[in-house]
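For reference, the structure is listed below as structure tokens.
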Amino acid sequence: MESGFDVVDRIRKSAEAMEIPIIICSSKDISSEEREMLNGKIQSVVRKGDVAKSELLATIRRIEKLQTKL
């Protein structure tokens, strides 16, 4: 069974998908070591919970604005 880290690595190595923005949505706390492993590979981490929907939408909008500037 692959971990989320394996999936992120596979996406980043794929020529077809390497430019797709990745947002991690997790119910667990991401450790500093895990954040370091994800550094430069993802756009954001959103914690599941009461504010997850609004935070996720805000994150998607922010990424969308950044992508249109490129």
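The values are calculated or read from the model by the stated rules, or taken from the named source; none is laboratory data. Fair warning: this is a prediction, and the values are worked out from it, not measured in the lab. We place every Cβ from the backbone using ideal geometry, glycine too, and count neighbours over all the protein chains shown. These accessible areas exclude ligands, DNA and RNA; they are computed on the full protein's heavy atoms, side chains included. Shrake-Rupley method; radii C 1.70, N 1.55, O 1.52, S 1.80 Å.
Being among the β-branched types (V, I, T), surrounded by fewer than 13 Cβ atoms within 10 Å (Cβ to Cβ) and out of contact with any Lys or Arg (no Cβ under 6 Å at 6 or more places or on another chain) is the requirement here; does V45 meet it? Quick ask: steps written out before the conclusion?
Values: among the β-branched types (V, I, T): yes; surrounded by fewer than 13 Cβ atoms within 10 Å (Cβ to Cβ): no; out of contact with any Lys or Arg (no Cβ under 6 Å at 6 or more places or on another chain): yes.
So V45 does not fit the description; no.
Residue pairs whose Cβ atoms lie under 6 Å apart, sitting 6 or more positions apart in sequence or on different chains, and linking a residue in region 30-44 that is assigned to a loop (DSSP other than H, G, I, E, B) to a partner that is open to solvent by less than 100 Å² (accessible area, probe 1.4 Å) and among the charged types (D, E, K, R), are K41/R12. How about region 29-69: which of its residues are of a type in the set (A, V, I, L, M, F, W, C), out of contact with any Leu (no Cβ under 7 Å at 6 or more places or on another chain) and over 21 Å from K13 (Cα atoms)? I30, V51, A52, L56, L57, A58, I60, L66 - these are the residues of region 29-69 that are of a type in the set (A, V, I, L, M, F, W, C), out of contact with any Leu (no Cβ under 7 Å at 6 or more places or on another chain) and over 21 Å from K13 (Cα atoms).
Which residue, of R61, R12, is at negative phi, assigned to a helix (DSSP H, G or I) and touching a residue at least 12 places away in the same chain (Cβ under 8 Å)?
Numbers: R61 fails: touching a residue at least 12 places away in the same chain (Cβ under 8 Å).
Going through R61, R12 in turn, just one is at negative phi, assigned to a helix (DSSP H, G or I) and touching a residue at least 12 places away in the same chain (Cβ under 8 Å): R12.
Just to be sure, is K28 exposed (fewer than 11 other Cβ atoms within 10 Å of the Cβ) and not polar (S, T, N, Q)? Even if it seems obvious, please write down each step before you answer.
Numbers: exposed (fewer than 11 other Cβ atoms within 10 Å of the Cβ): yes; not polar (S, T, N, Q): yes.
Answer is yes for this residue.
Just one of the listed residues (E55, E34, E16) is open to solvent by 50 Å² or more (accessible area, probe 1.4 Å), charged (D, E, K, R) and at pLDDT 90 or above, and it is E16.
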